[in-house]
């Protein structure tokens, strides 16, 4: 140990009893040494009383929220969520398609196919937006060979959904429209019915018809 | 994983000021200190069930390590060189003659100390920790704590001497 370090340790009360006693004996005979210790004591006191003590901002004096804890795992968490959602979507899609087909069949079998019968989009659109929390776009495609027959409101996958009804020759095409972004597109066939999905302008579209797949796809392109 | 939030609040939160003061002195600015501390507090919270013994040195050790990691990544120039413990000039106790301490000069002089000495001095003088705990927090032997504190005070006294600025430093 440096002699000098010994003075600091003495000042800090870290010197063992025997060494401290010895140093005190030396100090008694050596005024210069005594003065050195005194100056050290002053310096130490100055640091203790005059150096800035920085206090933490209040926001750091709270236990972290669970939310904030998750933040650290956010990338992994997002991946897991995405994967989960993908699987859920994959599993859910056939169920949703089945439900859409069932809805379409129920509507065509009974006489509840159309709630508002009109070939005028300016009649159909306000009728729908008055009854739903959103306003689905209604396109006039009669010149393309798809006259508008009207619309109804149906109940699919736990929510109220706008259904635009178009005709193609003797076929009926139900166009289900609801707000959502999740579907990127796709097709489904069941019991001679075809389902065509796409997303446009924050709306999900599901076309259900007994029309052949190619024509239904062409119709989807007209709407998209 | 269940964390006893109430226990964390009671044991750890009273020492956030000490933690911040250390982070602030090691990073030398408020913004960085807050970033580092926030990160360190998260770590403390997550590893709270690993706490044995006193919360204050435990928290200070976490914060200290977070500061060093942060400095290593962001300001590597401030980390000590390998031979930093060797003193090139060794003024004796007679160099310690600073009676008139100007508050601002004192703070600047502490801030100007190389990291290992600043750290030891802050833990000793501002947190009043014994050498043993400083050794635990900084992960160094007690003898090193002693020599670092001694050298920190010598450097400080030198910097605070009225004649320190124009004085020519004589090497060897």
Over chain A, calculate the relative contact order: mean separation of alpha carbon pairs under 8 Å at least 6 apart, over the residue count, as a percent. 11 percent
Reduced Cα scattering model of the range A:76-224, Debye log10 I(q)/I(0), q = 0.10, 0.11, 0.19 Å⁻¹: -0.33, -0.40, -1.17
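If contacts are Cα pairs under 8 angstrom and at least 6 residues apart, what is the relative contact order of the range A:107-224 in percent?
Numbers: 234 pairs, mean separation 20.5, N = 118.
Over the range A:107-224, the number comes to 17 percent.
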Nearest 500 deg cm²/dmol is fine: what mean residue ellipticity at 222 nm does the protein assembly as shown get from its DSSP H runs of n ≥ 4 alone, each adding -39,500 (n - 2.57), divided by its residue count? -16500 deg cm²/dmol
Among A:118, A:143, A:129, residue whose mean-square fluctuation peaks in a GNM of chain A (springs only between Cα atoms under 10 Å): A:143
Of the peptides A:17-26, A:157-166, how do they stack up when ordered by the mean number of other Cβ atoms within 10 Å, highest first? A:157-166, A:17-26
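At a Förster radius of 51 Å, what calculated FRET efficiency corresponds to the Cβ-Cβ distance of residue B:75 and residue A:25, to the nearest 0.05?
On the way: r = 47 Å, r/R0 = 0.91.
For residue B:75 and residue A:25, the calculated efficiency is 0.65.
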Between the range A:177-224 and the range B:24-41, the alpha-carbon center distance in angstrom: 55 Å
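Quote the FRET efficiency, to the nearest 0.05, computed for residue B:3 versus residue A:33 with a Förster distance R0 of 45 Å and r equal to the Cβ-Cβ distance.
Values: r = 53 Å, r/R0 = 1.18.
Using R0 = 45 Å, I get an efficiency of 0.25.
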With equal scatterers on the alpha carbons only and no solvent term, can you work out the Debye log10 of I(q)/I(0) for the protein assembly as shown at 0.08, 0.09, 0.10 1/Å? -0.62, -0.67, -0.74
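Values in this text are rule-based calculations from the coordinates and carry no lab data. Computed from a prediction, not measured in an experiment: that's the story for all the values here. Neighbour counts run over all protein chains shown; Cβ positions are idealised from the backbone, glycine included.
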